[in-house]
Amino acid sequence: MKVATSTSHSIPKLICPEGENGLIISTKDLNRTLNIDESAMTITVEPGMLLRQLINESAMAGLAIPYVPYWWGVTVGGILGTGAHGSSLWGESGSAVHDFVIQLRIVIPVGPDEGYAKVRTLQNGDPELDAARVSLGVLGVISQVTLQLQPMFKRSITLLEKNDSDLADQVSTFGRQHEFADLTWYPSQSKVVYRIDDRVSSGTPGNGVYDFAAFRSVPSQYLAMARSLEESQESRGTSVGGECVTGSVCTSPMEMAAYGLTRNGMAFNGYPVVGYNNQLQSSGTCLDSLEDALATSCPWDPRVKGLYFFYTAISISLSKTKDFIEDVKKLVALQPEAFCGLDLYIGILMRYVTASTAYLGKDEDVVEFDMIYYRSKDPMSPRIYQDILEEIEQIALFKYGGLPHWGKNKNMAFIGAINKYKSASEFLKVKRLYDPLGLFSNEWTDQILEVKDGISIVKENCALEGLCICSEDIHCAPQKGHFCRPGKVYQEARVCVHLSYEDGYDWS
């Protein structure tokens, strides 16, 4: 049995029921606010409530949850299932939504003598709550969540573009300087966009709104043209003059439009943009696409020919981010054109996340690096400069011990991941206690928790989709000129390299 939500789903197979006899439990109608206590500053909601609704209903009571994901189409249950978060190192409680959970009700399976189902109520101080805060959906069905809120406040945002020459030094300090800081890095253009984002006095003038441009409805015809252009560039096998030009064309209008920030929801008249937290912290207006037979849609809507991509999201200890960025810069220096495809999406987004008491949360303060990039509809088709992005992933995961986001990434990112959590054994104890028969597990969750083997699927072409890390040429696409070779910077990496890329490198 697996729990499904009304809109977004994770990229890995967290919600897939097992086999032909599996069941899906819908939370579509479990979306109510059950209680708001303004004096205690708490809200109790059902797990199918969208983040947008949680933000709005809290705001109507003059309250705020300060740190949330940037996409408001996720549900409260989904957020807790995957450990979704915002960006901050300042939160006393933490910077992930699960750190604000003070009570949670969960329905677990029991035997017939107890009526087959039992409701457990977990509160702060209960060790089992730290298992349920980030649950992967394997403990049972969350039925109610109570969150600790804060008084509503205003924020001031300035997006500052700079050269990336000192980025490695800046990353570890920038998050301490501004409460809601993040950075967006465009390596092929040698630039970084710094988000200078702080609380300000409630009397500060401003009614700013953030409607992030990439989360708006787009004409489906335009999406089809953009996808066809990507496919054409990939088929030609080079980014020079293709993706590099397209990437810069894509980012320039975003910068001119302040990425979707406006002073009043209508126009951008310069920085800073000041407004209430609920209007600036999250967005996703494409969820409100018109009922127009899909003439417009979210850019990634699978019902239209639009974006189809891989999403890599890996958290690295704050103390190691400088070395990681310097390694990435070495790859940029070797092949800057290999990074042009990232500019078509969000570049490399860097968000700050604090350590958490959740057993499957962060054990220490980290920076999460998010990369979105082209994915072929043909799983046997290699990507141009595939080796560079594979090497970045392996540097992050294995050289620097990075943690994959539970709701994103490819199979290979989860190799040995559970062993990187100091409280993993405590989580598994609660899992065995709550669901000893594994009714809420599936093959995928058993694999990432290492209850079963099989997270790496080793077969012909397996490295092309990240199902494995190549160890033989056949795992790449030798028939199309892609062979398994060591990394250029991280020699321990094994990546799929096009033969024409090898000139000038000693692979011995």
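Structure data summary
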| item | result |
| --- | --- |
| Residue 146 being buried (at least 21 other Cβ atoms within 10 Å of the Cβ), out of contact with any Gly (no Cβ under 6 Å at 6 or more places or on another chain), touching a residue at least 12 places away in the same chain (Cβ under 8 Å) and of a type in the set (Ser, Thr, Tyr) | yes |
| Residues being open to solvent by 80 Å² or more (accessible area, probe 1.4 Å) and closer than 26 Å to residue 64 by Cα - total across segment 1-34 | 4 |
| Hits in segment 225-257 - residues which are at pLDDT 65 or above and open to solvent by less than 30 Å² (accessible area, probe 1.4 Å) | 227, 230, 233, 234, 251 |
| Segment 268-288: number of residues that are out of contact with any strand residue (DSSP E or B) (no Cβ under 6 Å at 6 or more places or on another chain), open to solvent by 40 Å² or more (accessible area, probe 1.4 Å) and of a type outside the set (S, T, N, Q) | 2 |
| Verdict on residue 460 being on the phi > 0 side of the Ramachandran plot and either not in a helix (DSSP H, G or I) or not aromatic (Phe, Trp, Tyr) (or both) | no |
| Selection status of residue 396, small (Gly, Ala, Ser), closer than 21 Å to residue 323 by Cβ and either touching a helix residue (DSSP H, G or I) at 6+ places or on another chain (Cβ under 7 Å) or open to solvent by 10 Å² or more (accessible area, probe 1.4 Å) (or both) | yes |
| Cβ pairs under 7 Å, 6+ apart, first in segment 157-176 and within 26 Å of residue 277 (Cβ to Cβ) and of a type in the set (A, V, I, L, M), second open to solvent by 60 Å² or more (accessible area, probe 1.4 Å) and assigned to a helix (DSSP H, G or I) | 171/322 |
| Meets criteria (within 24 Å of residue 227 (Cα to Cα), open to solvent by less than 10 Å² (accessible area, probe 1.4 Å) and not acidic (Asp, Glu)) for residue 309 | no |
| First in segment 112-129 and assigned to a loop (DSSP other than H, G, I, E, B), second anywhere and of a type outside the set (A, V, I, L, M), Cβ under 7 Å, 6 or more apart | 116/109 |
| Pairs where the first residue, in segment 216-232, is within 22 Å of residue 72 (Cα to Cα) and the second is crowded, with 17+ Cβ neighbours inside 10 Å and of a type in the set (A, V, I, L, M), C-beta under 8 Å, 6+ apart | 220/304; 223/304; 223/307 |
| Candidate set: segment 320-360, residues that are more than 30 Å from residue 102 (Cβ to Cβ) and of a type in the set (Ser, Thr, Tyr); chosen: the one most open to solvent (accessible area, probe 1.4 Å) | 345 |
| Selection within segment 60-103 - over 15 Å from the mean Cα position of the chain (by Cα), in a strand (DSSP E or B) and either buried (at least 21 other Cβ atoms within 10 Å of the Cβ) or among the hydrophobic types (A, V, I, L, M, F, W, C) (or both) | 63, 64, 101, 102 |
| Index of the failed condition, residue 391 passing every other in (1) in contact (Cβ under 8 Å) with a residue 40 or more places away in the chain; (2) open to solvent by 10 Å² or more (accessible area, probe 1.4 Å) | (2) |
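The values are calculated or read from the model by the stated rules, or taken from the named source; none is laboratory data. Keep in mind it's a predicted model, so treat the numbers as computed, not measured. Note: ideal-geometry Cβ built from the backbone for every residue, glycine included; neighbour counts use all protein chains shown. These area figures cover heavy atoms from the full protein model, side chains too; ligands, DNA and RNA do not enter into them. Shrake-Rupley method; radii C 1.70, N 1.55, O 1.52, S 1.80 Å.
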